[in-house]
Structures are given as C-alpha cells and as structure tokens.
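Each remark here refers to the structure printed beneath this line.
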Amino acid sequence: MRLTAADIVSAIGQLPRNQFYHYVSPKTRTVIQIVDVTYPEGPITIKRFNPSDGGTPFTSPDESISAQMMWRIANAFLPNHPINFDRVLGASYNTRSALEALLLHTPQFYYCYPGRIEVTSGAGSKIKHGHKHVMWCPDKPHQAVKMEEAETDIVISEVANVDVVYEALVLPDAATQEIDIDIKRRHSQIQIALIKIGEQLGFRTWIAQNDKGIIYKNQRIGEMNGVVQSLQDEKMISAFDGASKAAHLIDCIWFKNGRLMPAVMEVEHSTGVTSGLARMKNLQDAIPALRTRYVIVAHDDDRDKVLREANKPQFQSLDTKFFSYSAVEELYALCERRKIRGVTEEFLDCFMESTLQLTSA
C-alpha cells in the first residue's frame, strides 16, 4: 500500500472545521483550527493560537501546510511502520508539528514510542525508551477526532538515515586558504550527494570548475561517473552567448537527455546566500527562455534566511527553490536503497520548497 498527499488531504479534510485540535504533549497549550482545505493535494490553511494567553481564531494569522510537505511525509510512510516527523522534515517547515497533530486526529494514524537503539562504548548497544513517532495503520482505524497511542515492539535506530562518507575526502590546498575547513568539507559532502543522486536519476552533473580537484575515495570528483567535463559539451549552455561563463562557477547543474536542465543549484553552508542567488541570476539572464529550477541548497536552519533573500526584488524572477540538507540526504538515501528510475518532475518537487512570496510560516 502506498500513501499519497491526496490521501492525507482527504483524511484531514473530513475533520470538523468547528473544532480545536490539540497536540500530543499535554504541556503544549496551543490549539489548531482548520480554516480551508484545497483538494486534491493541498495546501491546507490553519490557525494556531493559545487560548490561555487570550489567543483566538480572529486574532491569529492564517498559516499554510504545503503540498510539498504532505508529499514528503506521504513518501516516508509504510503501513505499520513508525516515522519521526522531525527526522523526515528537519527544520524545513514550522507547520510540521501541526500536520502531525491533525493526522493523529484522523482514524488511520497513531502515535507511538518505539524502542531506541543506543550505541554504547565497549558493550555494543542497548535499547531505551524512544521518542514520539507516528504510525500509519490502515487496517485498524480508530475513532476520528481522537488521538490514540499504538503499542509497538519495533525497535529503531536513531542514527541518521544515511551519511555521505568522506573520510577519504582530500581538499586541495587552494580550497582551504579562504574558508573554514569544516565548512568546505560539508559543502563538498553535499556536492557528492548531489552527484550520486544525479547519477541514480539519469542526470549528468556539472560541478563548479574550482571544486573538481577535490578527491573522494582516491578519485577527483570531476572524474566521477556522470560528471560533465566541459560546459562546451552541453548545447543547452554552449548555444547561448555568455552562458558558459555564467555557469562556470555554479556549484551543481543537472542535465538530462541533452534537452532538459532539471536544476541549477548553489550550495550554501554557513555563508550568505546572496552570492549564490547572484550567480544563478547571471545564468538566467544569459538563458532567459530556458526552463529549469533555480535552487539554494542549505542547512535546514537557514530556511528563513533563504526565503528572505530569495524574495528580494532582484531575485524574484528565479522563483527559487529551497533544498534543505535533510531533504538532500533523504533523497540520497532513497536513491541508494531503492535504485529508483524514471522519476517525474513532481517527484523532485516533493523534496524542494518554493520560496517566492513565502514567509517563515
């Protein structure tokens, strides 16, 4: 069985609008009210307020639970398998806890506390009481508008889903002279993940010319499978005056079938995002008619900064997408585990968030 965003929207859409919905934790006094539901896949508009502090639906702003977030969550669920909302979504959406609470009021979703494997020194590991998870149980629905806990014998690991290892990653001296070594290593780690994702999805990947000398597992990343050697080989770039020069230092560009360019990506780690947006804007100016995604890849905690900068007038034409580190690593893990093929444009969009005209909500 496969859960979809439409299933989630349908389930929440059947909840009464004239009711206030609580979070699982009794310490959380904020309540949620459903304002509007857009079918089939969202968004869902809600209000959140704390009645004990005098909050009301009339004084609270509307907030949006996006279709992208619902697709991210839907893709994570398997029947009777617990998931951790924060792990799946990272800090990318601050309405994620509201979506979790609303889902738990629908009949097929339960909260649970699976055992957690804790690695210990010497003796190996032990099982401890785990964090709150959500479980989709389509075969045993509970009463709607109630939250119920499910008992589970499942034990999970709290280790991250996947690491793009870089123990053997060697940075050229020139790459470390003007930037903190840990920042550069993280930047390179994400670039490697994007190369691997691109290879799995059938894309060829351009990596910024000044990063191609980085060595990963005894190989220059510029020589990895699927990495574009020269932009002159890509007619989508070479056919436009000034495009090759504009793309030369872009961190990552995906090409497909010689006719498509699924994404232009700038990886920003502990730096401002303005320079990355400016580089992408220069490329857009050189190839204005070419359809692609312009994407800032950044730490989940930098979401608000990305949204703020991307909405500045000089960058609005980019319609920038935000691709959080957690989403990159989630997609990388999915590619490694499932060896997926033939993905659609909509599939990629599930992992990226539109920024135009959005606020931190």
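Remarks
- Loop-located chymotrypsin sites (Phe, Trp or Tyr not before Pro) in segment 290-353 (DSSP state other than H, G, I, E, B) with a sparse environment of at most 11 neighbouring Cβ atoms within 10 Å are absent.
- Computed with every protein chain present, the accessible area of residue 45 is close to 30 Å² [probe 1.4 Å].
- Ligands, DNA and RNA aside, residue 131 has an accessible area near 100 Å² when probed at 1.4 Å.
- The packing ranking, built from the mean of other Cβ atoms within 10 Å per residue, places the peptides 217-227, 255-265 in the order 255-265, 217-227, highest first.
- Whole-number D in µm² s⁻¹ for segment 208-361, Kirkwood Cα-pair radius fed into Stokes-Einstein, 4 °C, 1.567 mPa s: 79 µm²/s
- Shape call, segment 179-295: gyration tensor on alpha carbons, a/c limit 1.5: oblate
- Simple spin-label estimate for residue 308 and residue 14 in nanometres, 7 Å along Cα-Cβ: 4.3 nm
- Most to least packed among 54-62, 103-111 [average Cβ atoms within 10 Å]: 103-111, 54-62
- With 31 Å as the limit, the listed pairs 27/312; 212/305; 212/235 have 27/312 beyond it between alpha carbons.
- Cα-centred dipole magnitude for segment 257-336, charges only on beta-carbon of K, R (+1) and D, E (-1), debye, nearest 20: 500 debye
- Using a probe of 1.4 angstrom and keeping all protein chains present, the accessible surface of segment 288-347 works out to 48 square angstrom per residue.
The values are calculated or read from the model by the stated rules, or taken from the named source; none is laboratory data. Computed from a predicted model, the values in this text were never measured in an experiment. Every residue, glycine among them, receives a Cβ derived from its backbone with ideal geometry; neighbour counts consider all protein chains shown. These area figures cover heavy atoms from the full protein model, side chains too; ligands, DNA and RNA do not enter into them. Shrake-Rupley method; radii C 1.70, N 1.55, O 1.52, S 1.80 Å.
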